[in-house]
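The values are calculated or read from the model by the stated rules, or taken from the named source; none is laboratory data. Predicted, not measured: the structure shown is a model, and the values here were computed from it. Cβ placement follows ideal geometry from the backbone for every residue including glycine, while neighbour counts extend to all protein chains displayed. Note: areas computed on protein heavy atoms with side chains; ligands, DNA, RNA excluded. Shrake-Rupley method; radii C 1.70, N 1.55, O 1.52, S 1.80 Å.
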Amino acid sequence: MGLNGIDELPCLESLGGEDLSYKKQLLIGLVMELVVSEGEYEGRYKTRIEDVRDGILFLGAPFERGEVISLREGTRIQLTYWDETAAYSFEGKVLRRIATPVPMFVVELPNSVTKVQRRSFVRVPALYPVTFQSVTKEGLSDFHKATMLDISGGGMRFYTEEQVESKALLYTHITLPNGDLHTPVRVCRVTKVEDSKRSIVAVEFHDLQERERDRIILCIFEIERAIRKKY
């Protein structure tokens, strides 16, 4: 359902055991997102598969500002990749580093991966900065500030003191933990907050690229994981 109702729970499917079809996707050249959750090199990086053999992956060492990200052996990492229908994620560990001829990490091939259907969304609370511009016949308006209230793979809600019309088209700049997102949105509903100058604006993402939607879903997983740790 859209923002007018409760979104669907995410469709998580663990692929493993006797079903090893996911391994057919782990081919040389596949681009992946590599996440280090703690330590000196905490952050998100881009990598790709350089080779696959005997149950292990050879991943190209990421670069940042021209320097190799030299993860130590034993570092825990999370890897994510995409195809036309879903995002896939699994955890691993750096078994070995290779310096030449190309800097690489050796990671054990996972026993299972988590598959996320693209259009299965859950809405989670999130307080991230948002700026937006109204799209008019004359062009784009000035930038206006807002604060996100919650987000899903289909849209979001945010607080703002600016006047926004229902059905309006906005161009938004959203600051997410895994990078900034620039996307048009369509206003679904505007609700005035009593005794306040603010309104709650519900929007749906408009013409959002599926790769960008997957980034949002991955961000939602991180929020859900943090929420579960609190309880």
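Data table
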quantity	calculated
E91 being surrounded by fewer than 16 Cβ atoms within 10 Å (Cβ to Cβ), acidic (D, E) and either assigned by the TED database to the domain that holds E222 or closer than 20 Å to I217 by Cα (or both)	yes
Residue in the range 76-83 that is among the charged types (D, E, K, R) and surrounded by 14 or more Cβ atoms within 10 Å (Cβ to Cβ) present	yes
Hey, L71 part of a loop (DSSP other than H, G, I, E, B) and of a type in the set (A, V, I, L, M) or not	yes
Among (1) hydrophobic (A, V, I, L, M, F, W, C); (2) under 30 Å from Y81 (Cβ atoms); (3) touching a residue at least 24 places away in the same chain (Cβ under 8 Å) - the single one A226 does not satisfy	(3)
Some residue of the range 24-35 being open to solvent by 80 Å² or more (accessible area, probe 1.4 Å) and either modelled with pLDDT of 85 or more or in a strand (DSSP E or B) (or both)	yes
Yes/no for V94 being at pLDDT below 95 and touching a Lys or Arg at 6+ places or on another chain (Cβ under 8 Å)	yes
